[in-house]
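These notes are about the structure you will find just below.
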Number of protein chains: 2
Amino acid sequence: MEKRPLILVTNDDGITAPGIRWLVRTMAAIGDVVVVAPDSPQSGKGHAITIDNTLYAQLFKGAPEDGALVEYSCSGTPADCVKLALHELMDRKPDLVVSGINHGSNSSINVIYSGTMSAAIEAGLEGIPAIGFSLCDFSWDADFTSAAHYAGVLAQEALNQGIPNGVVLNVNIPRTHEIKGVRICRQARANWKEKFDKRKSPMGKEYYWLTGVFDLQDSGSDTDEWALAEGYVSVVPVHFDLTAHHAMAALTQWKLNG
Amino acid sequence: MEKRPLILVTNDDGITAPGIRWLVRTMAAIGDVVVVAPDSPQSGKGHAITIDNTLYAQLFKGAPEDGALVEYSCSGTPADCVKLALHELMDRKPDLVVSGINHGSNSSINVIYSGTMSAAIEAGLEGIPAIGFSLCDFSWDADFTSAAHYAGVLAQEALNQGIPNGVVLNVNIPRTHEIKGVRICRQARANWKEKFDKRKSPMGKEYYWLTGVFDLQDSGSDTDEWALAEGYVSVVPVHFDLTAHHAMAALTQWKLNG
């Protein structure tokens, strides 16, 4: 019998979130699972790391029935969790790192704000196959049945096929119960139209809440937003070489050395 | 006489950092300057945004001699500062957004952890020309003379030429006093080899400090790391479409819809 793969599971909603519990159970059916996940919600933390503060990690024994070999909760960000797992807590390099299942979409431009994806990218930087999973449903008691199914299919296929070096997968699962299948997509062009909700504290001090509306500026039928709207699981291969190669020629015309 | 350009200045080291004070003075010689910057250091915050907490902004009057029209300190991250500036605090869209000058390098893979660059990217998302500046010297009393000179040259040229849509510039200035000029570069392949410094608190609880060594895996002479090592200012055009287009074909071969 082949050796079971070693799988690291993390997320950004915190170790007790329903989404990660579904992911742990799904991965425990595929391989040996180690969990290192934040001890509190870290949504919107982007690729933050903790460089000016201490980090704590402690054994988490809250859900042995989910089937992980061992679980740790960590005081840091999702990227911290992966770093700590790979370089301190795990005995050997995992065969796969999965992050999620996030409560809420990380499609399109949301990838750059996403703690879920920053954890996957952190693993990708170390040359480990990695996938971030997000369900397009923010609610805490969302139904993860379909999302977990596709997480299992994609994780197994990533273990079978490998993921190209320098690439991690951003997987979003639509909220619908009638999923049509999986599409390989590009990231849709979009951003957030911000609106600040200005209020006054009981002490009379003005403060703001950040709110916004998602503004899709892309009508292509090869994007993640299109796929999700049509009821497909979207898979975007993401890389962390941010160089805009197409822009280099124009910049060499600038007068910078005069 | 032409209308003076409107320039938003921000950073991630906080509004009182020497690096931003140099940048404010440099930009005030080019245009009308508005400053919205964090009220405390935000290094390593990546593209974090504040979605589960309130944001404060207040007038900062600590350095009128630097020549800004108005300055605000903000309780949020660099990305929050840009959002708040563009959508709440400023009367009109700026012609240019500059971030920095960061105390420390943001070359190569550091771009994904960088609060400095997340501020620039946030502006780029809104279609505004934006540049992040970083000096390869972490010290608080670093000499910003050369860095400020090149920041001025690049900002002026960005105003003259425009920056291609969907692209922001990641500019790093070497520590040397004998800068050879400016190079347009690609992001070098590299990552951090982490090492956790494990300690025990006075109360007996174990904790960690994240430390690491930069590991350059790229010997190309067209990279930012090469340019900086040779004494050039590096300019990397950065985009925020993270799609790894080259990886899409291989992924379409995966068995995902069986």
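The values are calculated or read from the model by the stated rules, or taken from the named source; none is laboratory data. All values reported here derive from a predicted model rather than from experimental measurement. Methodologically, a virtual Cβ is constructed for each residue, glycine included, from the backbone with ideal geometry; neighbour enumeration extends over all protein chains shown.
Quick grid of which residues meet (1) assigned to a strand (DSSP E or B); (2) surrounded by 12 or more Cβ atoms within 10 Å (Cβ to Cβ); (3) at pLDDT below 90:
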position	(1), (2), (3)
B:203	no, no, yes
B:209	yes, yes, yes
B:218	no, yes, no
B:226	no, yes, no
Please determine, by comparing only the residues of the stretch A:113-137 that are free of Cβ contacts under 8 Å to residues at least 40 places away in the same chain and of a type in the set (Gly, Ala, Ser), which one is nearest to the other protein chains (Cβ to nearest Cβ). A:127
For the stretch B:145-170, which residues satisfy the criterion of being over 19 Å from residue B:225 (Cα atoms) and part of a strand (DSSP E or B)? B:167
When restricted to B:95, B:91, the only residue surrounded by fewer than 22 Cβ atoms within 10 Å (Cβ to Cβ), under 30 Å from residue A:212 (Cβ atoms) and free of Cβ contacts under 8 Å to residues at least 24 places away in the same chain is B:91
Can you work out which of the residues in the stretch B:171-187 that are more than 8 Å from chain A (Cβ to nearest Cβ) and more than 10 Å from residue B:227 (Cα to Cα) is surrounded by the fewest Cβ atoms within 10 Å (Cβ to Cβ)? B:178
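Yes/no per residue for (1) closer than 29 Å to residue A:241 by Cα; (2) touching a Leu at 6+ places or on another chain (Cβ under 6 Å):
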| residue | (1), (2) |
| --- | --- |
| B:204 | no, no |
| B:210 | yes, no |
| B:218 | yes, no |
| B:235 | yes, yes |
Considering the stretch B:157-170 alone, what residues qualify as being more than 9 Å from chain A (Cβ to nearest Cβ) and either touching a residue at least 60 places away in the same chain (Cβ under 8 Å) or under 17 Å from the mean Cα position of the chain (by Cα) (or both)? B:159
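State whether one or more residues within the stretch B:58-70 are crowded, with 18+ Cβ neighbours inside 10 Å, modelled with pLDDT of 95 or more and not charged (D, E, K, R).
Kept after step one, since they are crowded, with 18+ Cβ neighbours inside 10 Å, are these residues of the stretch B:58-70: B:60, B:66, B:68.
So of that shortlist, the ones also modelled with pLDDT of 95 or more come out as B:60, B:66, B:68.
Then keep just the ones that are not charged (D, E, K, R); that gives B:60, B:68.
Yes, the conditions are met somewhere in the stretch B:58-70.
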Scanning the stretch A:204-216 residue by residue, the ones that are farther than 14 Å from residue A:107 by Cβ and more than 10 Å from chain B (Cβ to nearest Cβ) total 2
Can you work out which of the residues in the stretch B:193-203 that are within 11 Å of chain A (Cβ to nearest Cβ) and of a type outside the set (D, E, K, R) is farthest from residue A:90 (Cα to Cα)? B:201
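Considering each residue of the stretch A:231-258, count those that are more than 10 Å from chain B (Cβ to nearest Cβ) and either loosely packed, with under 14 Cβ neighbours inside 10 Å or assigned to a strand (DSSP E or B) (or both), and give that number.
Qualifying residue count, the stretch A:231-258: 1.
For a quick check of your reading: which strands (runs of 3 or more DSSP E) sit entirely within the stretch A:1-112 and have at least 1 residues that are within 14 Å of chain B (Cβ to nearest Cβ)?
Because the criterion is at least 1 residues that are within 14 Å of chain B (Cβ to nearest Cβ), the strands (runs of 3 or more DSSP E) in the stretch A:1-112 that meet it are A:32-38, A:57-59, A:70-74, A:96-103.
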Can you confirm whether the stretch A:193-212 contains a residue that is touching a residue at least 40 places away in the same chain (Cβ under 8 Å) and at negative phi? no
